[in-house]
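K.L.:
Got a structure for you, questions after.
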Amino acid sequence: QDKNLEYEPHIVEVKPDLSKEIRRGSIMRPECPADQKYCYVLSGAKLEYLEYDPSRDVYAAWHSGGWGGHVADVMTIVDADPSLDLPIACGGWEWACISGHTEGTRLAYHPEWEDFGALCSSDIVKDNGLSYVPVLQTSNRPQTMISESAISSSQSQTTWPGSLVACDCHFYLVWHGVQSEADWGNDDGTTDIGFARIEPLDGKVLKKKWIVKGSATREKTSKLAVLGTAKGCQRFAFGYGEMSSFYVYPERYFVAELDGEGNFITDKLDVTTITEWQEDEK
């Protein structure tokens, strides 16, 4: 009701059939109503993600963040103990996955490492690129750049995460972006799609390759999912969109199967007339 206050974010638990609310808790940082810091805002790149860690019984809640006239993100860890009222716990961060002006983001939980992993990009400093950050570490948290980036004249990031998925002891990810800043040129450049396997603890890159490239089009909206239940991480469903100019959404959508090295097992299939997906979907 007070227009001077920011929106108040909550975690709400409901019954599996959505028939009844069990409990809810505010994740507004105390600095928000007091000093207008670390607030949930609708400006900037809007993001709202929630993941659960069953080993520690905590949630990771990631949302758009505001501080005065600045925008970034806020990562809040919440104790999910049923006897408590969803209090804020240790871990996460009050302000910015990397340097602020957070744009593309992905959040995933890794059961083997019992930690969340976050991917983010920013339109402030191109050297940040697409970066990986573990969430629950509270000191000496590493920040590892996975891929280079370029900043367009509209203060927009060319590098954007597609999916981050856990498999065996690693995280696998896909993203769209530029292989080097020179590839972007004068805002008329193309983007390619990368594939990587990284260490969840510190983001060390174990495998990286560009799997869709050189077609003189703009590939984006990349997605990845583990196929099957066998160990070995050798089957992934992969999808992406393709566009020839500055459209908001891809003009064509394709799917294929990849192995654990990012190699195509099958030919790509055009599914444009069957389905589509958006950038912020997992």
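The values are calculated or read from the model by the stated rules, or taken from the named source; none is laboratory data. Source: prediction; values computed, not measured. Glycine gets a Cβ as well: all are built from the backbone with ideal geometry, and neighbour counts include every protein chain shown. Ligands, DNA and RNA are stripped out before the accessible areas are found, and what is left, the full protein with its side chains, is counted by its heavy atoms. Shrake-Rupley method; radii C 1.70, N 1.55, O 1.52, S 1.80 Å.
K.L.:
Using only DSSP helix segments of four residues or longer, with each worth -39500 (n - 2.57), what per-residue ellipticity at 222 nm results for the chain after dividing by its residue count and rounding to 500? It would help to have the intermediate numbers written out before the result.
P.N.:
Values: 1 runs with 5 residues, N = 282.
Counting only the DSSP helices, I get -500 deg cm²/dmol.
K.L.:
Out of 204, 20, 220, any idea which swings most in a Gaussian network model of the chain, alpha carbons joined below 10 Å?
P.N.:
The residue that fluctuates most here is 20.
K.L.:
In nm, to one decimal, how far is the residue 268 label point from the residue 244 one, both placed 7 Å along Cα→Cβ?
P.N.:
Modelled inter-label distance: 1.5 nm.
K.L.:
Also, quick follow-up: Return the single residue from 52, 240, 38 with maximal mean-square fluctuation; model: Gaussian network over the chain, springs between Cα atoms under 10 Å.
P.N.:
In this elastic network of the chain, the residue with the biggest mean-square fluctuation among 52, 240, 38 is 52.
K.L.:
Quote the relative contact order of the chain in percent (integer), defining contacts as alpha-carbon pairs under 8 Å separated by 6+ residues. Can you show the working numbers first?
P.N.:
Values: 747 pairs, mean separation 26.1, N = 282.
With pairs under 8 Å counted, the relative contact order is 9 percent.
K.L.:
List residues of region 31-71, by number, whose backbone nitrogen lies under 17 Å from a label position 7 Å along Cα→C-beta of residue 22.
P.N.:
Output list for this probe position: 50-61.
K.L.:
Go through 197, 106, 24, 252 and list them by solvent-accessible area, largest first, probe radius 1.4 Å. Before the final figure, lay out the partial values.
P.N.:
On the way: 197 35, 106 10, 24 125, 252 70 Å².
In descending accessible area the options line up as 24, 252, 197, 106.
K.L.:
Given 72, 228, 174, which one lies farthest toward the positive end of the charge dipole of the chain, if we put +1 on the Cβ of every Lys and Arg and -1 on the Cβ of every Asp and Glu?
P.N.:
228
K.L.:
Please build a GNM for the chain, connecting alpha carbons under 10 Å apart, and tell me which residue among 14, 212, 74 fluctuates the most.
P.N.:
14
K.L.:
Check which residues have an amide H placed less than 5 Å from residue 149's amide H, if you skip close sequence neighbours.
P.N.:
Residues meeting the amide H criterion: 129.
K.L.:
Going Cα to Cα from residue 204, which aspartates and glutamates come in below 18 Å? Please leave out same-chain ones fewer than 8 positions away.
P.N.:
Answer for residue 204, where 18 Å is the Cα cut-off: 112, 114, 115, 127, 148, 168, 261, listed by chain and number.
K.L.:
For the pair residue 34/residue 143, report the inter-label distance in nm, with labels modelled 7 Å from Cα in the Cβ direction.
P.N.:
Going from the residue 34 label point to the residue 143 one covers 2.4 nm.
K.L.:
Could you go through region 53-69 in sequence order and give the Karplus-derived ³J(HN,Hα) for each residue, using 6.51 cos²θ - 1.76 cosθ + 1.60 with θ = phi - 60°, rounded to whole Hz, and x for Gly and Pro?
P.N.:
10, x, 6, 9, 6, 9, 9, 10, 10, 10, 9, 4, x, x, 8, x, x
K.L.:
What are the semi-axes of the equivalent ellipsoid for the chain, taken as the square roots of 5 times the Cα gyration tensor eigenvalues, largest first, in whole Å?
P.N.:
Details: eigenvalues 195, 108, 65 Å².
Output for the chain: semi-axes of 31, 23, 18 Å.
K.L.:
With Rg and the Kirkwood Rh both taken from Cα atoms, where does Rg over Rh land for region 231-282? Intermediate values should be presented prior to the final figure.
P.N.:
Values: Rg = 12.6 Å, Rh = 12.2 Å.
Taking Rh as the inverse mean 1/r over Cα pairs, Rg/Rh reads 1.03.
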